Amino acid sequence: MEGYPHQEIEKKWQEFWEKNESNRVTEDLSFPKEKRLYILDMFPYPSGEGLHVGHPEGYTATDILSRYYRLNGYNVLHPMGWDAFGLPAENYAIKTKIHPSITTQKNINTFTRQIKSLGFSYDWSRTFSTTDPEYFKWTQWIFLKFFEKGLAYKSKAPINYCPSCKTGVANEEVVNGCCERCGTPVERRLIDQWLLKITAYADRLLDDLELVDWPDDIKTMQKNWIGRSEGANIIFDIDKFNERIEVFTTRADTIFGATYLVLAPEHPLVDKITTSGQKKEVLDYKQKTLNKSDLERTSLNKEKTGAFTGSYAIHPLSGKLLPIYISDYILMHYGTGAIMAVPAHDERDFDFASKFRLPIVQVVAPERDMAISLDKPYVEDGYSINSAQFSGLPTSKCAERIIEELERMKKGKRAVTYKLRDWIFSRQRYWGEPIPIINCPDCGHVPLKYEQLPLLLPLIDSYEPAGDGTSPLSKVTSWVNVKCPKCGADAKRETNTMPNWAGSCWYYLRYTDPHNDKEFASIEKQSYWMPVDIYVGGKEHAVLHLLYARFWHKFLFDLGLVTTAEPFMKLRNQGLILGENNQRMSKSRGNVINPDDIVKEFGADTFRMYEMFMGPLETSKPWNKNSIGGIRRFLDRIYDYFTSVSLDAESLPPDIDRLLHKTIKKVGEDIETISAYNTAISALMILLNELQNLESIPRKVAQSYIVILSVFAPHIAEELWGTVGDGKPIFLKPGDREVLWPSYDESRIKDETVTYAIMISGKKRATIEMPAGANRQDVENEAKKLPMVQKYLENAHIKTIIFVQDKIINFVL
RNA sequence: GCCGGAAUGGCGGAAUUGGUAGACGCACGAGACUCAAAAUCUCGCGAGCUUCACAGCUUGUAAGGGUUCAAAUCCCUUUUCCGGCACCA
């Protein structure tokens with residue numbers, strides 16, 4: 001590739017910035033807080049494949065923002081690190097016997113080299129990996145706080161278990177219900193697991209979404225995930241048993257339409273109330289349900305299945321007997337694990353009732369007293385019918401009255417239910433943070449003392465799972481067997497490790513004070529830097545990472561350990577970069593682009609600018625090799641022009657001066673959108689196209705152009721600054737920085753003349769130039785002079801004239 | 001199945017949020033330079049039609065309908081694609 005020598009220039013300036021500490025922050029906390037900014041990327045998992053072209057998309061956007069704000073006088077914290085615990089390193093270790101820490105370090109080195117080759121302005125003095133003991137010491141410390149406050153608890157929870165590999169497998173490793181490695185159908189097993197009580201924060205996680213500037217679709221996803229719904233728990237006594245079933249419903253108004261009850265197959269009452277004649281059928285059905293995942297239970301079987309228990313419940317208001325069924329469309333962990341089925345007004349109940357020939361009773365009508373044909377359920381609100389003294393009431397009113405009545409009878413009460421479930425926090429894996437708990441037969445779960453942290457992973461030589469579903473750690477007897485710190489009896493360490501989400505729940509706090517060995521971060525530094533002002537990453541973290549991190553943050557907030565209610569004020573997502581064939585990049589499709597190749601051939605500046613020019617940040621867009629060449633040509637033209645143009649001119653021609661000011665305004669505004677980088681770059685192209693007609697321009701103009709360019713293409717800009725600049729580099733260490741970003745003059749942006757579109761009955765027929773701000777009558781008179789317009793106006797009656805200042809005049813005939 | 005998002009030239013995308021559709025770039029075509037090619041520069045480039053030409057007409061933003069002086073933009077119906085999913089009572 002000819003043109004400017006990108007390899008030489010990029011290396012030179014990357015070394016300069018690093019040596020000069022150009023990317024550091026000022027640690028002087030008296031620097032005004034309103035001029036500090038925390039701009040963060042979601043840190044990557046350093047995979048063995050190396051950097052993907054999708055990573056630099058978000059990183060370039062935040063780099064542009066960081067450089068832009070620094071050039072405007074801000075103190076910008078812009079760090080990078082590694083989320084390095086996880087499955088791939090462990091699976092690789094099982095295959096190769098190479099310790100995950102070695103693979104991880106190698107991958108981190110590769111990622112670091114690749115990211116540095118793109119010239120991002122990260123402050124590398126603050127980097128760390130979640131696998132560093134100095135870091136996960138504090139992850140464990142926070143876990144102990146959860147334990148101390150009763151928010152970490154042990155309970156039975158299901159795992160996917162492969163009976164052939166004799167190991168637990170992650171959801172990701174289950175393909176079509178079978179183990180990814182051996183193809184054996186995966187079973188579900190209940191084992192003792194640690195859970196974090198995220199449900200205790202459900203309402204606050206929901207309500208505080210109001211406080212943050214996040215994309216609406218992400219907020220909606222979190223709201224739906226938390227899934228708060230208000231309704232009532234209603235008690236049904238069971239006929240011939242001294243037992244009762246509590247159901248949750250959001251439609252208490254439909255209670256007179258309940259014709260049967262359904263329990264989740266796992267419901268504890270099932271065995272008790274199943275009559276002897278039905279035992280076999282119920283048992284068989286429970287067995288079948290056991291190995292179905294929620295996904296299968298909920299999406300695959302359109303055909304409803306179930307079994308009759310043989311028992312009947314007593315309707316609390318009508319006294320009628322309702323048969324009790326079990327069915328897998330009822331999930332134990334939602335609501336009470338039991339429902340009253342109202343087939344006339346619920347689709348799932350309708351399907352079930354149709355299949356099992358159960359009665360369907362209409363109790364809601366769209367209009368008062370109107371009956372509808374029940375070939376499908378009526379799920380809308382309306383007016384109650386067939387509901388005793390409640391008939392005639394509108395839906396919401398009716399529900400209220402019925403709940404009041406049930407409360408009076410002590411047969412029900414208002415209730416709120418969430419879809420959100422507690423977070424299963426243990427994994428039967430090696431490569432994660434060890435859970436700092438000792439299990440003593442007498443004292444139960446005994447936490448390690450804070451001074452005993454970090455609890456390191458023991459070195460082992462076989463990473464194969466233990467074979468009984470427990471972690472490989474359980475094989476390391478020298479590590480597992482300890483004395484109970486409380487009573488001194490023989491005890492065992494917890495062998496489950498934390499999930500890979502743990503480390504990413506608080507890493508943004510650590511960046512504010514990354515080398516602190518007394519606290520996870522000092523309150524002083526946190527309160528200066530937090531919250532994160534701008535957080536950029538992929539949409540795939542919409543619920544898990546972003547919800548878990550918010551949960552930890554709120555927990556720490558309650559303990560007075562952090563200073564803000566929310567961690568991330570503004571969130572933006574980057575879109576997917578697809579392969580040239582418009583499909584997701586993957587090895588198997590053979591459409592993967594390696595960033596190294598692009599940097600080598602075209603240079604980092606071209607790569608960065610191309611990714612920003614592809615389209616708005618948040619949309620997904622396909623890679624196109626030809627288009628990169630266009631960006632490279634643009635940078636070559638910039639290089640040629642600014643190394644040859646004379647800088648002696650006094651001023652620019654007025655129209656180009658106007659364009660310059662417009663460009664400064666537009667680019668600044670586009671950058672701040674965190675989206676429209678493509679149009680910012682096109683504005684720079686338009687300006688260059690005009691400047692190229694001039695042999696001489698003022699030095700000040702060249703400086704403005706290069707400074708604007710520098711946030712997108714820092715290396716070439718820094719190089720050209722040597723020619724047009726003031727003797728000092730653009731990007732300097734905090735104390736040496738100046739506000740270099742050019743300002744624009746609003747009064748010099750206004751055009752003197754504007755083009756009016758002349759429309760006849762809404763169709764454009766001609767255009768005329770008029771002075772800006774011309775009055776309606778003048779425009780009308782000028783327009784009528786045009787032969788083109790006269791042609792249409794003669795023999796026609798003008799009904800009305802629509803005039804839009806500086807835009808159009810429309811003659812409606 | 002449910003929820004969310006999207007659909008604009010050969011391609012990526014613009015469009016002041018209801019006001020001249022197609023900015024900018026790619027690809028392509030013609031020309032200049034060259035012995036030639038590459039690179040570079042200049043011009044053209046939604047489709048169809050009329051015209052020697054200047055120019056003009058029709059049509060066009062997934063499809064169909066509607067609101068409006070005016071719709072890529074707002075409303076209704078439909079189709080396709082992408083993302084998410086936990087049958088959530």
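Overview of values
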| read-out | value |
| --- | --- |
| Residue A:590 being at pLDDT 90 or above and either assigned to a loop (DSSP other than H, G, I, E, B) or among the β-branched types (Val, Ile, Thr) (or both) | no |
| Residue in segment A:179-197 that is away from RNA strand B (no atom under 11 Å from the Cβ), closer than 21 Å to residue A:552 by Cβ and open to solvent by 30 Å² or more (accessible area, probe 1.4 Å) present | yes |
| Residue list for segment A:150-167, filter: open to solvent by less than 10 Å² (accessible area, probe 1.4 Å) and under 20 Å from residue A:196 (Cα atoms) | A:152, A:157 |
| Conditions (1) of a type in the set (Lys, Arg); (2) within 20 Å of residue A:70 (Cα to Cα); (3) modelled with pLDDT of 95 or more: number failed by residue A:699 | (2) |
| Residue in segment A:59-82 that is in contact with a helix residue (DSSP H, G or I) (Cβ under 8 Å, 6 or more places away or on another chain) and more than 30 Å from residue A:669 (Cβ to Cβ) present | yes |
| Residue among A:228, A:204, A:251 that is over 30 Å from residue A:564 (Cβ atoms), of a type outside the set (Asp, Glu) and in contact with a helix residue (DSSP H, G or I) (Cβ under 8 Å, 6 or more places away or on another chain) | A:251 |
| Yes/no for residue A:610 being over 18 Å from residue A:64 (Cα atoms) and hydroxyl-bearing (Ser, Thr, Tyr) | no |
| Which numbered condition residue A:352 misses (of (1) modelled with pLDDT under 90; (2) near RNA strand B (Cβ under 7 Å from one of its atoms)) | (2) |
| Which listed residue is part of a helix (DSSP H, G or I), more than 27 Å from the chain's Cα centre (by Cα) and crowded, with 21+ Cβ neighbours inside 10 Å, from A:89, A:93 | A:93 |
| Residue that is farthest from residue A:425 (Cα to Cα), among those in segment A:148-191 that are small (Gly, Ala, Ser) and at pLDDT below 75 | A:177 |
| Residue in segment A:508-522 that is in contact with a Cys (Cβ under 6 Å, 6 or more places away or on another chain) and open to solvent by 10 Å² or more (accessible area, probe 1.4 Å) present | no |
| Some residue of segment A:505-523 being within 26 Å of residue A:616 (Cβ to Cβ) and touching a residue at least 24 places away in the same chain (Cβ under 8 Å) | yes |
| All positions within segment A:109-138 that are under 17 Å from residue A:23 (Cα atoms) and either among the hydroxyl-bearing types (Ser, Thr, Tyr) or open to solvent by 30 Å² or more (accessible area, probe 1.4 Å) (or both) | A:112, A:113, A:116, A:117, A:121, A:122, A:124, A:125, A:127 |
| Subset of segment A:320-335 that is at pLDDT 90 or above and touching a strand residue (DSSP E or B) at 6+ places or on another chain (Cβ under 6 Å) - its residue that is farthest from RNA strand B (Cβ to nearest atom) | A:321 |
| Residues that are under 37 Å from the mean Cα position of the chain (by Cα) and more than 6 Å from RNA strand B (Cβ to nearest atom), drawn from segment A:629-643 | A:631, A:632, A:634, A:635 |
| Among residues of segment A:745-756, those that are within 16 Å of RNA strand B (Cβ to nearest atom) and either at pLDDT 95 or above or assigned to a helix (DSSP H, G or I) (or both), counted | 1 |
| Residue A:573 being part of a loop (DSSP other than H, G, I, E, B) and within 16 Å of RNA strand B (Cβ to nearest atom) | no |
| Single match in A:484, A:443 (criterion: closer than 20 Å to residue A:144 by Cα, touching a residue at least 24 places away in the same chain (Cβ under 8 Å) and open to solvent by 30 Å² or more (accessible area, probe 1.4 Å)) | A:443 |
| Matching option when the condition is in contact (Cβ under 8 Å) with a residue 40 or more places away in the chain, more than 12 Å from RNA strand B (Cβ to nearest atom), among the small types (Gly, Ala, Ser) and buried (at least 18 other Cβ atoms within 10 Å of the Cβ), among A:676, A:713 | A:713 |
| Residue A:112 more than 30 Å from residue A:428 (Cβ to Cβ), modelled with pLDDT of 95 or more and either within 19 Å of the chain's Cα centre (by Cα) or part of a loop (DSSP other than H, G, I, E, B) (or both) | no |
| Residue check, residue A:200 among the small types (Gly, Ala, Ser) and open to solvent by less than 30 Å² (accessible area, probe 1.4 Å) | no |
| So residue A:730, is it within 16 Å of RNA strand B (Cβ to nearest atom) and either open to solvent by less than 40 Å² (accessible area, probe 1.4 Å) or in a loop (DSSP other than H, G, I, E, B) (or both) | no |
| Residue check for residue A:765: surrounded by 12 or more Cβ atoms within 10 Å (Cβ to Cβ), touching a residue at least 24 places away in the same chain (Cβ under 8 Å), in contact with a His (Cβ under 6 Å, 6 or more places away or on another chain) and of a type in the set (Lys, Arg) | no |
| Residue in segment A:523-538 that is farthest from residue A:224 (Cα to Cα), counting only those that are out of contact with any Gly (no Cβ under 8 Å at 6 or more places or on another chain) and either within 16 Å of RNA strand B (Cβ to nearest atom) or not in a helix (DSSP H, G or I) (or both) | A:530 |
| Verdict on residue A:773 being at pLDDT below 85 and more than 13 Å from RNA strand B (Cβ to nearest atom) | yes |
| Which listed residue, of A:26, A:60, A:96, is β-branched (Val, Ile, Thr) and within 16 Å of RNA strand B (Cβ to nearest atom) | A:60 |
| Leading residue by the ranking (most open to solvent (accessible area, probe 1.4 Å)) among those in segment A:626-652 that are farther than 16 Å from residue A:712 by Cα and out of contact with any helix residue (DSSP H, G or I) (no Cβ under 9 Å at 6 or more places or on another chain) | A:650 |
| Residue list for segment A:214-251, filter: in a loop (DSSP other than H, G, I, E, B), open to solvent by less than 20 Å² (accessible area, probe 1.4 Å), modelled with pLDDT of 90 or more and within 9 Å of RNA strand B (Cβ to nearest atom) | none |
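The values are calculated or read from the model by the stated rules, or taken from the named source; none is laboratory data. Every value quoted in this text rests on a predicted model; they were computed, and no experiment measured them. Neighbour counts run over all protein chains shown; Cβ positions are idealised from the backbone, glycine included. With ligands, DNA and RNA removed, areas are computed over all heavy atoms of the protein, side chains included. Shrake-Rupley method; radii C 1.70, N 1.55, O 1.52, S 1.80 Å.
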